[in-house]
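A short write-up of the structure that comes next.
All of the numbers you see were taken from the coordinates with simple rules; none came from a lab. Only a predicted model underlies this, so the values are computations on that prediction, with no experimental measurement involved. A quick note on method: Cβ atoms are made from the backbone with ideal geometry, for glycine too, and the neighbour counts reach across all protein chains shown.
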Amino acid sequence: MRGKYTYAILSGIILILASLLVGVLFYFKNQPPQERGVEPLVQIEDQEPDSSKWGLNFPNQYDTLQNTLTNNTPTTYGGSEKFSKLENDPRLITLFAGYSFSIEYNEERGHLNSLTDVREIKRVNKTTAGTCYSCKSAVNPRLWGEMGMAEFDKTLFHDLGEKIDQPIGCANCHEANSMKLIVTNPALEEALVKQGKDWHTFTRQEMRTMVCANCHVEYYFAGEGKYLTFPWEDGTDIENISKYYTDLAFADWEHPQSGAAMIKMQHPDYELFSNNSTHYKAGVACADCHMPYTRDGAVKFSTHDVKSPLLNAEAACGACHTDVDYVTERVAIIQAQVRQTMDDTEDAIMAAIQAIEAAAAQTNADTTLLEEARILHREAQLRWDFINAENSMGFHNPEEALRILAASTNLARQAELKAFQAASGK
């Protein structure tokens with residue numbers, strides 16, 4: 001009898017040890033290569049802009065990065081195929097009337113097209129500031145260190161371009177040799193400091209989102225030097241961003257039809273996603289979906305073929321969700337709802353513009369009510385554009401996207417009503 005008990009105890013111990021061993025092996029198996037202390041084959045200079053040199057140490061990452069040059073595959077609402085947003089939605093020509101985005105406004109292509117696309121866009125002219133290169137090149141971190149961001153930004157686009165010959169690459173997100181994820185954009189660091197945050201204290205998982213905020217954010221050009229600034233001092237939600245611009249009395253342009261002082265939003269992907277979205281609260285990082293882990297034989301690495309998760313759903317969604325078909329169907333439903341709501345919001349803003357323009361043409365228009373209508377137009381459009389300029393058709397945070405669009409529609413209808421009242425002189 002004693003032998004049976006001894007055998008059972010030993011079996012239990014062996015089973016526990018085996019389970020622990022499997023757990024340890026599974027843990028190490030799923031760690032990214034750079035956290036296992038991989039010694040680089042060659043030493044890379046600090047802030048080296050040529051990604052091919054980094055590729056000698058990390059060929060899988062470099063090879064998949066090359067795919068961003070040609071991964072021009074469309075999704076229902078975006079993807080990486082270049083197309084004219086103005087042709088796709090002619091209402092944008094009126095909404096951005098008087099501003100450069102009414103001249104040319106295209107869907108972005110992959111990271112390795114960054115330099116080509118910014119240099120070919122018709123919005124660039126002889127007076128364009130070098131600030132427009134801020135998110136376009138792996139040369140930037142080195143230039144920011146050498147020139148300082150103020151000098152970088154106030155240098156004319158054409159002149160600065162003579163120093164820039166590499167598109168987005170490794171140096172935009174990584175520390176050389178260690179491959180540690182880092183903040184490289186001085187504007188991001190300054191914005192975090194103003195919020196009392198130190199990115200050096202962030203976990204690696206947090207940094208797999210934060211490095212995307214080097215570029216995928218709302219920003220503006222401050223002062224005559226066009227200094228790159230993130231409007232995060234009051235917070236990163238749309239109400240706080242709006243308040244920041246109002247307190248600053250800042251405007252990108254004056255709308256020629258309504259006379260409103262307008263703001264153009266710039267791809268606020270980080271702000272929308274990080275504002276208590278379901279995935280963000282669950283600890284999901286941008287890279288989990290847009291750069292999911294994959295394998296080349298026994299080697300596991302994060303793919304650098306950065307693109308819509310819908311184009312790589314098995315890897316991007318399948319890491320957490322067992323029924324990928326169901327997930328992609330849900331995404332389609334959510335995005336369709338956001339798109340329809342955004343269309344309705346656009347129509348409301350268009351009606352407001354027309355009403356304000358008509359009221360302004362009346363000689364007896366109430367100027368006080370007219371100015372109130374213009375302010376409402378500005379507030380409505382910057383909220384709509386917060387979702388329009390964002391790259392997920394609302395999926396990064398569906399609840400917040402719909403809330404913002406509902407507020408935008410309400411403000412646009414108020415603007416239209418104010419214009420009617422102004423026209424009647426009441």
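In table form, for the structure just shown:
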quantity	calculated
GNM top mover of ALA336, ALA406, ALA361 - the chain, alpha-carbon springs below 10 Å	ALA361
Environment charge of MET262, counting only residues whose C-beta is closer than 10 Å and scoring Lys/Arg +1, Asp/Glu -1	0
Overall form of segment 45-103 per C-alpha gyration tensor (a/c, 1.5; a/b vs b/c)	oblate
Calculated FRET value between THR363 and LEU417, using beta carbons and R₀ = 22 Å, to 0.05	0.60
Angstrom value of the Kirkwood radius, inverse mean 1/r, which spans all Cα pairs in segment 358-405	12.5 Å
Cα-based shape type of segment 189-293, given that a ≥ b ≥ c are square roots of the gyration tensor eigenvalues and the cut on a/c is 1.5	prolate
FRET efficiency estimate (nearest 0.05) - Cβ-Cβ, LYS126 to ASP296, R0 30 angstrom	0.05
Length added when fully stretched, GLU399-ASP63, from 0.36 nm per residue minus Cα-Cα	117.3 nm
27 Å Cα-Cα reach of LYS82 towards lysines, excluding residues that sit fewer than 8 places from it in its own chain	LYS122, LYS126, LYS136, LYS163, LYS264, LYS307
Simple spin-label estimate for ILE375 and THR201 in nanometres, 7 Å along Cα-Cβ	3.8 nm
17 Å tail of the calculated P(r), segment 341-424, as % of Cα pairs	43 percent
Length gained when the stretch SER424-MET147 is fully extended (0.36 nm per residue, less Cα-Cα span)	94.1 nm
Gain upon complete extension [ILE333, THR73; 0.36 nm per residue less C-alpha separation]	91.6 nm
Gyration tensor (alpha-carbon) shape descriptor, segment 269-404, a/c threshold 1.5	prolate
Choice from TYR133, TYR270, TYR244 showing the highest fluctuation, given a GNM over the chain with Cα pairs closer than 10 Å	TYR244
Nearest-0.05 FRET efficiency for ARG119 and SER178, computed from C-beta distance (R0 41 Å)	0.80
Span-like helix ranges in the chain, DSSP H, alpha carbon extent 20 angstrom or more, Kyte mean at least 0.0	2-29, 324-360
GLN354 paired with GLU87, simple spin-label distance in nm, labels 7 Å along Cα-to-beta-carbon	2.6 nm
Distance (nanometres) between label positions extended 7 Å along Cα→Cβ at ASN240 and ASN410	2.0 nm
Quotient of C-alpha Rg and 2.2 N^0.38 Å, computed over the chain	1.14
